[in-house]
């Protein structure tokens, strides 16, 4: 599903250049759950942005579902995002004056082509997604009327509404207490198990990372060898 070859990413110019990725190659299979971890500034967030078509590499190849996307322009990247990728962020990114149902419907309004749904079907899809994450009784609630864990569940429902092939989760438990974080992780486990969703998750938390099927450790813009992770 995801195939990256010799990817580099350089920010800035001249003496101010920052080499965020130094020649990364990796593959992630359909239906796999992968955690990307490492210290701050190691390149893991840069990789996540490129996988999510929010940024382009300086050099190297990125193929998503067999399609080369590394050379696409912003419009083409936006189209790929809308078709293929759902995002869950640490900060929830919910609109303060919009209830849970409308939050989940929002990305459906920007769909194009054969994936675009009539308004009535958009509401139906949003209700189904909220029920899927256990918020069937909170659809009319505003973010201020929801706990942090419930807000993150709304964000997950919103990410799933477009039926993406990949869910990208950037520190999904970072702003949650341990109980809420465990509940969010259980939802992700269930979605991965029952729907075969491909999950790519960035996290600083080793306990969260350990719940993935595979952990990729980044250091200084490169994937570290297993012995550098303290793994036998």
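The values are calculated or read from the model by the stated rules, or taken from the named source; none is laboratory data. Every value quoted in this text rests on a predicted model; they were computed, and no experiment measured them. Neighbour counts run over all protein chains shown; Cβ positions are idealised from the backbone, glycine included.
Determine whether segment 110-129 contains at least one residue that is crowded, with 20+ Cβ neighbours inside 10 Å, at pLDDT 90 or above, over 23 Å from residue 29 (Cβ atoms) and within 18 Å of the chain's Cα centre (by Cα). Yes, that holds for at least one residue. Checking each residue in segment 130-141 for being over 17 Å from residue 183 (Cβ atoms) and surrounded by fewer than 16 Cβ atoms within 10 Å (Cβ to Cβ) picks out only 140. If a residue must be buried (at least 20 other Cβ atoms within 10 Å of the Cβ) and part of a helix (DSSP H, G or I), how many such residues does segment 204-216 contain? Count: 2.
Can you find a residue that is surrounded by 15 or more Cβ atoms within 10 Å (Cβ to Cβ), under 30 Å from residue 151 (Cα atoms), modelled with pLDDT of 90 or more and out of contact with any helix residue (DSSP H, G or I) (no Cβ under 6 Å at 6 or more places or on another chain) anywhere in segment 12-26? There is no residue in segment 12-26 that is surrounded by 15 or more Cβ atoms within 10 Å (Cβ to Cβ), under 30 Å from residue 151 (Cα atoms), modelled with pLDDT of 90 or more and out of contact with any helix residue (DSSP H, G or I) (no Cβ under 6 Å at 6 or more places or on another chain).
The selection criterion, being surrounded by 20 or more Cβ atoms within 10 Å (Cβ to Cβ), under 21 Å from the mean Cα position of the chain (by Cα) and touching a residue at least 24 places away in the same chain (Cβ under 8 Å), does not hold for residue 90. Among the residues of segment 195-203, is there at least one that is part of a helix (DSSP H, G or I) and modelled with pLDDT under 90? Within segment 195-203 (the criterion being part of a helix (DSSP H, G or I) and modelled with pLDDT under 90), the answer is yes, since at least one residue qualifies. For segment 152-163, state whether one or more residues are over 28 Å from residue 25 (Cα atoms), surrounded by 18 or more Cβ atoms within 10 Å (Cβ to Cβ), modelled with pLDDT of 95 or more and more than 14 Å from the chain's Cα centre (by Cα). Scanning segment 152-163 turns up at least one residue that is over 28 Å from residue 25 (Cα atoms), surrounded by 18 or more Cβ atoms within 10 Å (Cβ to Cβ), modelled with pLDDT of 95 or more and more than 14 Å from the chain's Cα centre (by Cα). Residue check: residue 149 meets all listed conditions (1) over 22 Å from residue 79 (Cβ atoms); (2) crowded, with 16+ Cβ neighbours inside 10 Å; (3) over 18 Å from the mean Cα position of the chain (by Cα) but one, namely (3).
For residue 215, the conditions (1) out of contact with any strand residue (DSSP E or B) (no Cβ under 8 Å at 6 or more places or on another chain); (2) under 22 Å from residue 45 (Cβ atoms) all hold with the exception of (1). The one condition from (1) touching a strand residue (DSSP E or B) at 6+ places or on another chain (Cβ under 9 Å); (2) on the phi < 0 side of the Ramachandran plot that residue 16 does not meet is (1).
Close contacts from segment 183-198, counting a first residue that is more than 14 Å from residue 86 (Cα to Cα) and a second that is part of a helix (DSSP H, G or I), with Cβ to Cβ under 7 Å and a gap of 6+ residues or different chains, come to 183/149; 184/149; 184/152; 184/153; 185/208; 187/153; 187/156.
Out of 177, 220, one residue alone is farther than 19 Å from residue 103 by Cα, touching a strand residue (DSSP E or B) at 6+ places or on another chain (Cβ under 9 Å) and exposed (fewer than 15 other Cβ atoms within 10 Å of the Cβ). It is 220. Quick one: in segment 50-79, which of the residues that are part of a helix (DSSP H, G or I) and crowded, with 17+ Cβ neighbours inside 10 Å is modelled with the lowest pLDDT? Ranking the qualifying residues of segment 50-79, first place goes to 77. Taking the criterion of being in contact with a helix residue (DSSP H, G or I) (Cβ under 8 Å, 6 or more places away or on another chain) and either surrounded by fewer than 19 Cβ atoms within 10 Å (Cβ to Cβ) or more than 28 Å from residue 63 (Cβ to Cβ) (or both), the residues of segment 165-174 that qualify are 165, 173.
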